[in-house]
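Below is one structure, written out as structure tokens; comments come after it.
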């Protein structure tokens with residue numbers, strides 16, 4: 001089954017799992033492991049081995065029966081399938097605490113992603129530089145930065161009230177994908193993919209666990 | 001099927017979906033809708049109707065054939081099942097950009113969760129107050145704060161190098177659950193549930209989408 005079929009068939013949930021597999025393989029490679037079976041991957045990282053085989057089957061045959069997957073080859077294939085074998089430029093709009101934190105976030109400015117600028121309309125924030133070296137530019141430079149630096153991804157780190165305006169400005173300027181951290185229901189544009197991040201879901205999952213603990217259950 | 005069975009059987013993936021359903025129902029309630037079918041939920045919010053019925057079946061029978069679910073009743077039930085019908089106290093360790101952003105994050109300090117303090121060992125940060133009113137206390141007050149305020153959840157927002165120390169301090173002080181934002185492999189303690197957040201997965205999902213776009217596909 002070729003890459004064309006895979007792109008259309010693979011759901012967002014599956015790409016999330018591919019990212020998880022990539023992390024596992026990166027770890028295994030770092031400790032010098034050469035091959036791994038779906039069963040071992042599942043045991044070691046608390047995953048589902050049937051699901052692993054199903055997810056990886058979409059991308060062709062990597063596994064050898066009885067030997068398992070070649071760790072480095074499978075990792076390289078996942079990197080390609082996730083499209084992070086090239087580097088994409090991104091901007092962060094909003095240079096408050098969240099924007100500054102994201103600019104310095106380990107995974108946002110490495111291995112496939114490059115944050116070219118923070119943008120903000122607060123004069124006091126202009127010219128500041130994040131710890132990792134990302135500079136705060138005036139918000140009215142947004143379209144110029146996106147065009148000149150061929151920015152593909154816009155990251156929204158503003159208040160909910162400003163999120164729609166920022167989304168529209170990003171879309172007008174030609175970004176193809178938006179990562180939205182503002183708790184706002186955005187009116188979407190065709191041709192612009194928006195992924196909204198809701199960090200509260202993680203707390204709710206812990207709450208669900210705690211509820212079990214208090215009632216005397218164990219969930220693991 | 002009772003709540004006891006549900007707590008043991010429901011995976012972390014399912015609790016994530018319950019959170020998503022809760023958001024959908026909260027929205028429907030806000031626009032005055034009284035009932036909703038699994039089919040309509042699926043269509044409207046791009047979910048899977050068979051999955052919805054399966055997930056909600058674990059929690060008993062709410063749906064009436066031909067009418068659907070009562071929006072308010074199902075919402076209340078999900079709130080109870082997620083354990084957010086009571087308020088749990090949390091602390092954030094690390095008052096850098098990320099910690100301050102989390103202290104002010106809309107879903108972290110409302111409806112089931114209360115951030116009682118930020119803690120940091122940088123003297124310059126002590127006494128600062130986040131926009132939403134959370135105060136920065138000295139890190140050596142961690143155990144006192146956790147005991148006095150019956151804190152159940154510790155949120156790690158420090159550098160990877162400090163994450164293990166903070167995790168151990170939280171565990172020693174008696175928190176039962178940890179939300180970890182540091183990109184570090186933590187050695188876990190039995191009896192302490194740790195959920196690590198990897199924001200990069202969201203970017204990788206967009207990258208996967210962009211790869212399809214560049215190659216001339218549409219994924220939606």
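Readers should treat all values here as calculations from the given coordinates under stated rules, not as data from a laboratory. Owing to the predicted nature of the structure, the values given are computational and were not obtained by experimental measurement. Here Cβ is always computed from backbone atoms with ideal geometry, including for glycine, and neighbour counts include all displayed protein chains.
Computed from Cα positions, the angle between helix A:160-173 and the longest principal axis of chain A comes to roughly 90 degrees. The angle separating the long axis of helix A:71-81 from the principal Cα axis of greatest extent in chain A is about 40 degrees. Rounded to two decimals, the Cα radius of gyration of region A:88-200 over 2.2 N^0.38 Å is 0.95.
Across every pair of different alpha-carbon atoms, what Kirkwood hydrodynamic radius in Å does the protein assembly as shown reach? For the protein assembly as shown, the Kirkwood estimate is 23.2 Å. Hey, in the GNM for chain B with a 10 angstrom Cα cutoff, which one of B:207, B:196, B:49 fluctuates hardest? Highest fluctuation of the listed residues: B:207. Note on residue B:80 and residue B:147: their simple-model spin labels are 3.6 nm apart, each label 7 Å out from Cα toward Cβ.
Estimated at 0.36 nm per residue, the fully extended path between residue B:110 and residue B:53 surpasses their Cα-Cα distance by 17.6 nm.
Beyond 22 Å, what percent of the Cα pairs of chain A remain? That tail contains 60 percent of the Cα-Cα pairs. Compute the helix-to-body angle for B:12-30: its Cα long axis versus the longest principal axis of chain B, expressed 0 to 90° and rounded to tens. Around 70 degrees separate the two axes. Based on Cα contacts under 8 Å between residues 6+ apart, chain B shows a relative contact order of 13 percent.
Would you please classify the overall shape of region A:121-172 from the alpha carbon gyration tensor, given that a ≥ b ≥ c denote the square roots of the eigenvalues, rounded means a/c under 1.5, and beyond that prolate means a/b larger than b/c while oblate covers the rest? The shape class here is oblate.
Multiplying the residue separation of residue A:27 and residue A:196 by 0.36 nm and subtracting their alpha-carbon distance yields 58.1 nm.
Plainly put, the tip 7 Å out from Cα toward Cβ on residue A:43 is 4.8 nm from that tip on each other copy, the closest given first. The overall shape of region B:139-220, judged from the alpha-carbon gyration tensor, is prolate: a/c is not under 1.5, and a/b is greater than b/c.
Separation of region A:87-165 from region B:152-180 is 29 Å, based on Cα centroids.
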